[in-house]
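**Student:** Let me give you the structure first, and then I'll get to my questions.
The values are calculated or read from the model by the stated rules, or taken from the named source; none is laboratory data. None of these values were measured; they are calculated from a predicted model. Because the Cβ atoms are built from the backbone with ideal geometry, glycine has one as well, and the counts that use them run over all protein chains shown.
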Amino acid sequence: MTSQTDKASPDQNPNDSQATSSFPLHGGNPQRAAEAFKVNVDTLIDFSASVNQMGPPKCVMEQLGQSFPQILEYPDPANTALKSALSNYCALPAERIIVGNGSSELIHALPCLLREGKSVALIEPAFSEYRRAFEIADRPIITFTGAAEHQFLIPLNALLHKLDQAPEIAMLVLGNPTCPAGTLWPRQDIETLLSYCETRKILLVIDETFIEFTDGDNSLVGKVPESHSLILIRSMTKFHALPGLRIGYGLMSPEHIANIEKGRVPWSVNGLAQSLGVAALQDKEFPSQSREWNRDQRKRLLSGFAEIENIETFPSQTNFILFRIQSNNPSHPAALYERLIRDGVLLRNCGNFPGLDINYFRCGVRKEADNRQLLHSLREQCARLASP
């Protein structure tokens, strides 16, 4: 357990300062890579962003033309229609749903729920905006780091022991599935952890951004009505493939929603996003079709990775795969990153995730032709790096 007080700049890689000019903070920024390496952005296949490659539901495109008149009007500040659609989608009362301009708006609002004088505990590696949100708010952060041998989770007994040793913790943040590993927490462990947090009056924040890609009943959405401690953060960016619209939502008690609303700017979710978000939730076949398609492509991609020497992959339940290049040469990660870009393949280097180093990369699951290109380039460039 460590206390984090140093603040890193948005593009700083804390594990390898020499890589900062090459490795951005987030995925989905091919323009920066193209500028850095002087290549045509149109030639890049972007594996750095983990967006559903089936694309948005067809009804979104059908609704798009009809929604244009809404740009002439102010959007509904209460997001009434979108909250109603999300209420049906999540089987929750609308008063337990808050909609944001992407999940990032809601993540950066979380510090207002942390009691004064208390600390937040982050289970990392994790989405970096959680750390940034609490650093910007100047709130105390405690870090629990998962290890590779545990798929970057923390065994439940060890986690509960850490929490017992830190009475100052009033909020615990974790991802399920985790990012960037794509690992699911055991359902029983999550439920036990929630019960512990309720007893300790700790707010348990679970990022479920990628939960819809997983098979089975893995979400704690059914616990939201009965728990004051539980906060779920979700997004329509990844699963519904709407990154440009910036639609995120939180599932929590009305009291927490009211406290967040006090500090929000009005009209944060634009009218076009609200209208198309409603449309995206109407396609009842889209979720199962997306899971099946992603499962098949992920399996094929993992099979291809298994044939490449000096690559170690980690089991994923999502639409991305974390892998590590096995090399003792510190120049290899940056060299591989650049060579793949020149081959037209953009990965997400994970060296700026606490607990990882620049030997770790993440790739999104894309369509079969793109995946074949990735495997071909990766096999070829890894072989070149390994040769004397």
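**Student:** Can you pull out the residues in segment 290-325 that are farther than 30 Å from K58 by Cβ, modelled with pLDDT of 95 or more and charged (D, E, K, R)?
**Tutor:** The answer is E307, E312, R324.
**Student:** Something else about it: Specify which of the listed residues (S253, S235, S195) is outside the structural domain of S50 (by TED's automatic domain parsing), of a type in the set (G, A, S) and in contact with a Gly (Cβ under 7 Å, 6 or more places away or on another chain).
**Tutor:** Numbers: S253 fails: in contact with a Gly (Cβ under 7 Å, 6 or more places away or on another chain); S195 fails: in contact with a Gly (Cβ under 7 Å, 6 or more places away or on another chain).
Of the residues listed, the single one that is outside the structural domain of S50 (by TED's automatic domain parsing), of a type in the set (G, A, S) and in contact with a Gly (Cβ under 7 Å, 6 or more places away or on another chain) is S235.
**Student:** If you don't mind, another one. In segment 311-331, what count of residues is obtained for those that are surrounded by fewer than 20 Cβ atoms within 10 Å (Cβ to Cβ) and in contact with a helix residue (DSSP H, G or I) (Cβ under 6 Å, 6 or more places away or on another chain)? Spell out the reasoning first.
**Tutor:** Narrowing segment 311-331 to residues surrounded by fewer than 20 Cβ atoms within 10 Å (Cβ to Cβ): 311-315, 324, 326-331.
Next, from what is left, pick out any that are in contact with a helix residue (DSSP H, G or I) (Cβ under 6 Å, 6 or more places away or on another chain): 311, 313.
The qualifying residues number 2.
**Student:** Being without any contact (Cβ under 8 Å) to a residue 24 or more places away in the chain and of a type outside the set (G, A, S) is the filter; apply it to segment 25-53 and report the residue that is nearest to R362 (Cα to Cα).
**Tutor:** Result: N29.
**Student:** Restricting to segment 195-217, give me the number of residues that are surrounded by fewer than 20 Cβ atoms within 10 Å (Cβ to Cβ), within 30 Å of R246 (Cα to Cα) and in contact (Cβ under 8 Å) with a residue 12 or more places away in the chain. Let's see the steps before the verdict.
**Tutor:** From segment 195-217, those surrounded by fewer than 20 Cβ atoms within 10 Å (Cβ to Cβ) are 195-196, 198-201, 215-217; that's our starting set.
Restricting the remaining residues to those that are within 30 Å of R246 (Cα to Cα) gives 215-217.
This time we only want the ones that are in contact (Cβ under 8 Å) with a residue 12 or more places away in the chain, so: 215, 217.
Residues flagged as surrounded by fewer than 20 Cβ atoms within 10 Å (Cβ to Cβ), within 30 Å of R246 (Cα to Cα) and in contact (Cβ under 8 Å) with a residue 12 or more places away in the chain within segment 195-217 amount to 2.
**Student:** If I ask for residues that are under 25 Å from S235 (Cβ atoms) and of a type in the set (K, R), which ones from segment 115-173 would you list?
**Tutor:** Listed by number, the residues that qualify are R131, R132, R139.
**Student:** Among the residues of segment 347-363, count how many are of a type in the set (S, T, N, Q) and under 18 Å from C382 (Cα atoms). Outline the logic, then answer.
**Tutor:** Pass one, segment 347-363, residues of a type in the set (S, T, N, Q): 349, 352, 359.
Next, from what is left, pick out any that are under 18 Å from C382 (Cα atoms): 349, 359.
Residues meeting the conditions: 2.
**Student:** Please find, within segment 242-296, the residue that is nearest to S87 (Cα to Cα) out of those that are among the small types (G, A, S) and assigned to a loop (DSSP other than H, G, I, E, B).
**Tutor:** S253
**Student:** Looking at segment 171-194 only, could you name the residues that are in contact with a Lys or Arg (Cβ under 7 Å, 6 or more places away or on another chain) and either buried (at least 21 other Cβ atoms within 10 Å of the Cβ) or assigned to a loop (DSSP other than H, G, I, E, B) (or both)?
**Tutor:** Of the residues in segment 171-194, the ones in contact with a Lys or Arg (Cβ under 7 Å, 6 or more places away or on another chain) are 180, 194.
The one that is in contact with a Lys or Arg (Cβ under 7 Å, 6 or more places away or on another chain) and either buried (at least 21 other Cβ atoms within 10 Å of the Cβ) or assigned to a loop (DSSP other than H, G, I, E, B) (or both): P180.
**Student:** Filter segment 285-303 for residues that are crowded, with 16+ Cβ neighbours inside 10 Å, out of contact with any strand residue (DSSP E or B) (no Cβ under 9 Å at 6 or more places or on another chain) and either within 30 Å of S387 (Cα to Cα) or hydroxyl-bearing (S, T, Y) (or both) and give the result.
**Tutor:** S290
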